[in-house]
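Report on one structure; see the data block that follows.
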Amino acid sequence: MSNYIQKSPEMDRIADAFSGYIHRHPNLDLVWSEKIGYILITINPDRQRGEEYCSFHTAHSLAYRLLSEIVTDVVLETESWNDSSNLDEMETKEVRLRWTPFLEMLPEYASVCEDILTGNKDKYSE
């Protein structure tokens, strides 16, 4: 018999805030499973299949990952290949600009953004 996970209203808020971003992103999908919670799927659009799956059990870890995806987008677009704690001034400015609409909906996660920029990811590991 399966144990079912109850949906978290806070995780739903995060999923709702990022729903447009995820819908437009060619390589990401976020789905809910009653058995394992929220799952972020990294998709290979050429093969039309998921290649990486991450499940999340806390709102902060979900927010951390989705906000980190925005950093990844900027790094890929600038082709600098920096990690999130080593962005140049222009990249940092662009990341903060792209985070703005999400932080307007989820202001309590501003500290997560600072953790991303400083490379402080240990507290978001599950």
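The values are calculated or read from the model by the stated rules, or taken from the named source; none is laboratory data. In this text the structure is predicted, and so the values were computed from the model without any measurement. Quick reminder, even Gly has a Cβ in these numbers, built from the backbone with ideal geometry, and neighbours come from all protein chains shown. Note: areas computed on protein heavy atoms with side chains; ligands, DNA, RNA excluded. Shrake-Rupley method; radii C 1.70, N 1.55, O 1.52, S 1.80 Å.
Tabulated data
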{"read-out": "Residue list for segment 76-123, restricted to those being over 21 Å from N27 (Cβ atoms), hydroxyl-bearing (S, T, Y) and open to solvent by 40 Å² or more (accessible area, probe 1.4 Å)", "value": "S85, T100, S111, T118"}
{"read-out": "Test: residue in segment 42-50 that is without any contact (Cβ under 8 Å) to a residue 40 or more places away in the chain and aliphatic (A, V, I, L, M)", "value": "yes"}
{"read-out": "Residues of segment 39-84 classified as farther than 17 Å from S8 by Cα and aliphatic (A, V, I, L, M), total", "value": "8"}
{"read-out": "Identity of the residue in segment 8-35, surrounded by 13 or more Cβ atoms within 10 Å (Cβ to Cβ) and assigned to a loop (DSSP other than H, G, I, E, B), that ends up modelled with the highest pLDDT", "value": "F18"}
{"read-out": "Selection count, segment 101-126, where residues are modelled with pLDDT of 95 or more and either farther than 25 Å from S55 by Cα or of a type in the set (D, E, K, R) (or both)", "value": "2"}
